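Asker: The structure's right below; bear with me while I get my questions together.
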Amino acid sequence: MKKSPLLAALAISALSINLAIAAPQDASNQIKENSTQMLKILKQANGKNDTAVRKQAENYALPYFDFNLMTRLSVGAPWNKATAAQKQTLVNEFRTMLIRTYSRQMLNYKNAQVVVKNVVAKPSSMLPSKEQIDVRATITNPGQQPVEAVFSTYQDGNKYKVFNVVFEGAFALVQSQKQQFKPILDSKGIDGLIADLKAKNGSK
């Protein structure tokens, strides 16, 4: 996987969006608040407690990503032929891969700033029974060019959950993973993809 500002998605993006009344503007306001809270966690790092701070940040962020949907979209059509056990294993390994890939970079973004620009609600082919809410933001990290990001979410009860992240002109999570998974699926099938992910994750 190409390393990119995806960390910002795992660390300081559209997370913990608990809404009494579901509305795009409510999501925007909550993202601003949760970005602030996430940065507060990261700024606790002092060089001696980095591992604990990263773990705290992960625990805060990860429940608000829909890894099941992210995995299904990344696998594509072969997902429909997978067994329940294969699907669960794929989701587990996909989640582990993202955490292992980006967790170590998390603290590099403790001084970042997130400015939410606008929110767009629209129908989506990826969510045929739900409305897609795209939250657009600018992420600025000292010493780096600002990144324009789009966090795709959907309403899940009184929350919005992230299922895709796009850094405009540079990286799109689901699309990138789908491109990487396709040749493996074409040549080795679902079990081959599972084996490949387990090998990368050091799983048994």
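Throughout, read-outs are computed from the coordinates displayed, never taken from laboratory work. Remember, predicted model here, so these are calculated numbers, not experimental data. Counting neighbours? That spans all protein chains shown, and the Cβs are built from the backbone with ideal geometry, glycine included.
Asker: Leaving out same-chain residues fewer than 8 places away, which aspartates and glutamates sit with a Cα under 16 Å from that of Lys40?
Answerer: Asp50, Glu58
Asker: Expressed as cubic angstrom per residue, what is the convex hull volume of the alpha carbon set of the stretch 75-127?
Answerer: Once divided by residue count, the hull of the stretch 75-127 is 112 Å³.
Asker: Based on a Kirkwood Rh over C-alpha pairs, give the Stokes-Einstein translational diffusion coefficient of the stretch 91-177 at 4 °C and viscosity 1.567 mPa s in µm²/s.
Answerer: 89 µm²/s
Asker: Please report Rg over Rh for the stretch 38-143, where both radii come from the alpha carbon positions and Rh follows the Kirkwood definition.
Answerer: On the Cα set of the stretch 38-143, Rg over Rh gives 1.04.
Asker: Leaving out same-chain residues fewer than 8 places away, which lysines sit with a Cα under 23 Å from that of Lys198?
Answerer: Within the straight-line limit of under 23 Å, Lys198 reaches these lysines: Lys2, Lys3, Lys55, Lys81, Lys87, Lys178, Lys182, Lys188.
Asker: May I ask for the net charge around Leu62, where only other residues with Cβ less than 14 Å from the Cβ of Leu62 are counted and Lys, Arg are +1 while Asp, Glu are -1? Before the final figure, lay out each step's value.
Answerer: On the way: positive: Arg54, Lys55, Arg95, Arg100, Lys159, Lys161; negative: Glu58, Asp66.
Net charge in that neighbourhood comes out at +4.
Asker: While we're on this one: Based on the Kirkwood radius over alpha-carbon pairs, what value in µm²/s does the Stokes-Einstein equation return for the translational diffusion coefficient of the stretch 134-204 at 20 °C and 1.002 mPa s?
Answerer: Approximately 146 µm²/s, per Stokes-Einstein.
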